[in-house]
Amino acid sequence: LKDWSNDFSTYIPKAAKLGFEVIEINTPGLLQLSAKEVVDLKKLADDNNIEITYSLGLGAQHNLSSPDETVRKNGVKFVSDILKQVSLAKGKVLSGIIYGSWKDHPDNAYHSRPEAFQNSVKSIQQIIKVAEDLDITYCVEPVNRFENFLLNTAEQAVELCRAVDSPNIKVLLDSFHMCIEEEGMAVAIETAGSYLAHMHIAENHRRPVGLGGLINWDEVFNALRKVGYKGILVLEHFCIPGGSIGQDVGVLRDLVPDISEEGIDRDNRKALAFVKEKLKR
Ligand SMILES: [Mn+2]
């Protein structure tokens, strides 16, 4: 896609037609839906044999690690409301930058990190009770240093999980961010270990998996097998510049040669086939 979209009636059947079993939804749009619309969304997904997972990056006004208690309270309420909508759609996974906020670069970030970390833990300890009651796995996603200062590595994400101390808090690893921050793909996956419950995969420059890039995917899949990974693999690639998505995630050139809808469909099929082949071994 070029722009963030809530056009589920187009993209859920499309995902099914391309052979996918899961679609991940950028979740804040869910809050704009009525209860009936959420139930309809779930039905549309069921009719297409598609499971929905939910992801988001919190905005500054909902920053769970903020030094400002009012902002943290807003964040706790916002995420709790989202969890309720996700539950209404019988969703099982909420993931993303749901421990601080996206593109958070406070002054003196290094020195303010310990306090921000504690603030995040306290906020999540409130939210996680809602997640526990609704049986939703809450997956924190470490991202690269330019997008958040709190969690950049698997090790830091596990540290947060241990501090929150709930069976519902887990880790999401994203191969794009891992390429920037981790010692290696396998070592990061093994560090996350039993906490690893969700994955975003793309090449190092966020091209679809298997279409050329720096990542050794055999290393990734072998490590996933080694830790007994049972979660979902979400193909999170970003290829098309010029729209709101390109603006937000920094797609400033065509990441694949053909960015027409047919071209993107073809690449999605190729990436899916690549993953299925890797899973066979
Ligand atoms: Mn991601």
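A few comments on the model shown:
- Residues considered: Val79, Val86, Val121, Val143. Of these, the only one that is assigned to a helix (DSSP H, G or I), within 15 Å of the chain's Cα centre (by Cα), under 25 Å from Glu181 (Cβ atoms) and at pLDDT 95 or above is Val79.
- Any hit, segment 57-69, residues being part of a strand (DSSP E or B), under 23 Å from Val121 (Cβ atoms) and touching a strand residue (DSSP E or B) at 6+ places or on another chain (Cβ under 7 Å): yes
- The criterion of being touching a Pro at 6+ places or on another chain (Cβ under 7 Å) and surrounded by 22 or more Cβ atoms within 10 Å (Cβ to Cβ) does not hold for Ala192.
- Checking each residue in segment 168-214 for being small (Gly, Ala, Ser) and farther than 16 Å from Cys139 by Cβ picks out Gly184, Ala186, Ala202, Gly210, Gly212, Gly213.
- For the condition in contact (Cβ under 8 Å) with a residue 24 or more places away in the chain and under 18 Å from the mean Cα position of the chain (by Cα), Leu41 does not qualify.
- So Arg207, is it within 16 Å of the ligand (Cβ to nearest atom) and either among the basic types (Lys, Arg) or surrounded by fewer than 18 Cβ atoms within 10 Å (Cβ to Cβ) (or both): yes
- Residues of segment 226-252 that turn out to be buried (at least 16 other Cβ atoms within 10 Å of the Cβ) and away from the ligand (no atom under 13 Å from the Cβ), as a count: 8
- Of residues in segment 240-263 being within 24 Å of Val143 (Cβ to Cβ) and β-branched (Val, Ile, Thr), the one nearest to the chain's Cα centre (by Cα): Val249
The values are calculated or read from the model by the stated rules, or taken from the named source; none is laboratory data. These numbers come from a predicted model, not from an experiment. When we count neighbours, we look across all protein chains shown, and the Cβ atoms used for this are built from the backbone with ideal geometry, even at glycine.
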